[in-house]
Amino acid sequence: MEHFKKEQTFVLIKPDGIQRSLVGEIIGRFERIGLKLIGLKMVLPDEKFVEQHYTLDPEWRRITGEKTIKSYRDKGKTPPSEDPFEITAAILERLKTYMTSSPVIAMVWQGAHAVKIVRKLVGGTEPLTSDVGTIRGDFVLDSYEMSDGDSRSVRNLIHASGSVEEAKKEISHWFAKDELIQYRLVQEQILYDVNLDGLLK
Ligand code: ADP
Ligand code: MG
C-alpha cells in the first residue's frame, strides 16, 4: 500500500535560524522523526521572490490578516487595523526585509504525513505562544508585541508549508525538478514495511 509515505513538504530555515546557528538543530528534528531529505540548498532570495513565495496561495493575505486580528483579541488587545488585507500588506513589506537580510536554507522533506508532521514540529507562528517542544517554542522568544513595536516581522526561525497544495506550489517555486533526488533510505523499511523480514540472519 502507498499510504502517504511519499508526501512532500517545503521547509525554509529563515535568516534568524542561520544567524542563531540552529541549522543542525532544526534539520536534526526532521531527521530524527523519520522524514527523508530529498532536496537542500542555500539561497539569497530577492524581495520579488519572497513576495511571490508568500502570495502563491491567493487566500494567504486574508488568512494571515484574520489570524493576526484573532491573536490580538485573544490577548485582550486591540489589533492595529480591523481590515485583514491592510494588516497583511504591512506584514508582507516587513517579511521582504526580513527574508532578504541573510541567506536562507530551502529544503524538501518527504515521508508519511510530511506536511502535518513538520507543522507540528515547527509550532505556531508567534513564538510567545508556540508550544514547548516545538522548534519555535524551544529556540526563540519573539512576539507580535515586540515585532510590531519595532515595525518588523516576527522572527520565528522557520517556514513550513501549511497544506499539501501549498507544499506543491512552494516546492516548484524554490526547486527545479532535477534538484530533488529520489533514493532509498535504509530506515524506511522499519518505518513503512508490513513485514520486517530479513532483520535476523
Ligand atoms: P506561518 O509561517 O506560521 O505559516 P503565516 O503564513 O501566517 O505563518 O505568516 C508568514 C510569516 O509572516 C510568519 O512566519 C511570520 O514571520 C510573519 N508574520 C505573520 N503574521 C505576523 C504578524 N502579525 N506580525 C509580524 N509578522 C508576522
Ligand atoms: Mg504560512
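Here, each number is a calculation from the coordinates, and none is a lab measurement. As the structure is a prediction and not an experimental result, all values here were calculated from the model. Glycine also receives a Cβ, built like all others from the backbone with ideal geometry; neighbour counts cover every protein chain displayed.
By the gyration tensor of its Cα atoms, with a ≥ b ≥ c the square roots of the eigenvalues, what is the shape of the chain: rounded for a/c under 1.5, prolate for a/b over b/c, or oblate?
Numbers: a/c = 2.02, a/b = 1.81, b/c = 1.12.
It comes out prolate by the Cα gyration axes.
Could you compute the net charge surrounding D74? Neighbours are other residues with a C-beta less than 12 Å from the C-beta of D74; K and R count +1, D and E count -1.
Working: positive: K67, K70, R73, K75, K77; negative: E126.
In short, +4.
What pairs from K6/K116; K36/K116; K5/K120; K36/K168; K70/K116; K48/K120 go past 20 Å between their alpha carbons?
Violating the 20 Å limit, Cα to Cα: K70/K116; K48/K120.
Reducing the range 1-80 and the range 162-199 to their Cα centroids gives an inter-centroid distance of 18 Å. Counted residue by residue at 0.36 nm each, then reduced by the alpha carbon distance between them, the extension gain from K201 to E31 reaches 58.4 nm.
The alpha-carbon of K77 sits under 12 angstrom from the alpha-carbons of these aspartates and glutamates, leaving out residues fewer than 8 places away in its chain: E145.
Calculate for the chain the 222 nm mean residue ellipticity that helices alone would give, adding -39,500 (n - 2.57) per DSSP H run of length 4 or more and normalising by residue count, nearest 500 deg cm²/dmol. Each step should come with its number before you reach the end.
Numbers: 10 runs with 91 residues, N = 201.
When only DSSP H runs of four or more count, the value is -13000 deg cm²/dmol.
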